[in-house]
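See below for the structure under consideration.
The values are calculated or read from the model by the stated rules, or taken from the named source; none is laboratory data. Since the structure is predicted, the reported quantities are computational estimates derived from the model, not experimental observations. Ideal geometry is used to build each Cβ from the backbone, glycine not excepted, and the neighbour counts take in all protein chains shown.
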Amino acid sequence: MPKEEKVCPKCAGKMELGELIDESYAVSVAQKWAKHAEGILGLGRSEGIPILSYRCVECGFLENYAPSKAVETNGDELPFGYNR
């Protein structure tokens, strides 16, 4: 049974899977979510969870997820650094 395509909650356009990229200091790395850590610059923070991001091809709305379980992506390729 084919999976449903993700639909934009703002305009009902098609959502496509992508990733948020940090391009600072001449390197590109996938962003991750991490629980807030006290202290200077977040030292002691856990490794983090890669962020899955969907973008509406019509209006540009972004919807982000940091899932803690395996993810179903409707056959889309997962972003860099994320495992099923």
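So here's what we get for this one:
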quantity	calculated
Close pairs (9 angstrom Cβ cut-off, 6 or more residues apart or separate chains): surrounded by fewer than 11 Cβ atoms within 10 Å (Cβ to Cβ) and of a type outside the set (Gly, Ala, Ser) in segment 20-32, modelled with pLDDT of 75 or more and outside any loop (DSSP other than H, G, I, E, B) anywhere	Glu23/Val29
Hey, Lys69 modelled with pLDDT under 75, in a loop (DSSP other than H, G, I, E, B), basic (Lys, Arg) and farther than 22 Å from Lys6 by Cα or not	no
